[in-house]
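Only one structure is covered here, and it is reproduced in the block below.
The values are calculated or read from the model by the stated rules, or taken from the named source; none is laboratory data. These figures come from a predicted structure and were not determined experimentally. Note that each Cβ is placed from the backbone with ideal geometry, even for glycine, and that neighbours are counted across all protein chains shown. For accessibility, only protein heavy atoms count, side chains too; no ligands or nucleic acids. Shrake-Rupley method; radii C 1.70, N 1.55, O 1.52, S 1.80 Å.
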Amino acid sequence: MTVPIILAGHGRLPSGVGEAAEMILGPQSRLKICELSPRDSPEEFGGRLLALAPVAGGVLVLADLHGGSPFNAVRALVAAHPRMQLVSGLNLPMLLEVLLHTTDDVTELAGVARAAGRDGVVDVLESTW
């Protein structure tokens, strides 16, 4: 069993990152998308996200912006659902690494997301390749 992943963020950003990942890796059945529209309240967004989350078995939420409305809505849910992990700074390298990593340990997968997110940012002028 692999951990379900929810992409949470502003506008169409989560869909765009998810579509790019599927373009590279093919269809991903464990990937879900939750987008915040300008009309959504944080409560509405949180309710939609929770409906996507099989929290009993664990779920990893990758949010676009630390401190943004999607992040804050999920952070409120994490307090009540200990098998839900939240990592901010969603980017394509992060998502690819997470999707390629097979584990049923949501805490381990959150660590993979954090490391891949950091390592995916490279200054080309400092790069050795």
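Tabulated data
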{"item": "Filter pass, GLU43 being surrounded by 15 or more Cβ atoms within 10 Å (Cβ to Cβ) and of a type in the set (Asp, Glu)", "result": "no"}
{"item": "Residue under evaluation ARG114, criteria (1) open to solvent by 40 Å² or more (accessible area, probe 1.4 Å); (2) free of Cβ contacts under 8 Å to residues at least 24 places away in the same chain; (3) not in a loop (DSSP other than H, G, I, E, B), criterion not met", "result": "(2)"}
{"item": "Pairs, first farther than 22 Å from GLU44 by Cα in the stretch 1-20, second of a type in the set (S, T, N, Q), C-beta under 6 Å, six or more apart", "result": "THR2/THR102"}
{"item": "In the stretch 107-127, the residues that are of a type outside the set (Gly, Ala, Ser) and under 12 Å from the mean Cα position of the chain (by Cα)", "result": "LEU109, VAL112, ARG114"}
{"item": "All positions within the stretch 59-72 that are touching a helix residue (DSSP H, G or I) at 6+ places or on another chain (Cβ under 7 Å) and open to solvent by 10 Å² or more (accessible area, probe 1.4 Å)", "result": "ASP64, LEU65, SER69, ASN72"}
{"item": "Selection count, the stretch 23-40, where residues are of a type in the set (S, T, N, Q) and either closer than 13 Å to GLY9 by Cβ or crowded, with 19+ Cβ neighbours inside 10 Å (or both)", "result": "1"}
{"item": "Among residues of the stretch 5-44, those that are modelled with pLDDT of 95 or more and in a helix (DSSP H, G or I), counted", "result": "13"}
{"item": "Subset of the stretch 92-111 that is without any contact (Cβ under 8 Å) to a residue 24 or more places away in the chain and part of a helix (DSSP H, G or I) - its residue that is surrounded by the most Cβ atoms within 10 Å (Cβ to Cβ)", "result": "GLU97"}
{"item": "Conditions (1) open to solvent by 60 Å² or more (accessible area, probe 1.4 Å); (2) modelled with pLDDT of 95 or more; (3) not small (Gly, Ala, Ser); number of the one not met by LEU125", "result": "(2)"}
{"item": "Pairs with Cβ under 7 Å, 6+ apart, first in the stretch 65-80 and closer than 15 Å to LEU36 by Cα and in a helix (DSSP H, G or I), second open to solvent by 40 Å² or more (accessible area, probe 1.4 Å) and modelled with pLDDT under 95", "result": "SER69/PRO42; ASN72/PRO42; ALA73/PRO42"}
{"item": "Flag if ALA21 is closer than 16 Å to VAL98 by Cα, in contact with a Cys (Cβ under 8 Å, 6 or more places away or on another chain) and small (Gly, Ala, Ser)", "result": "no"}
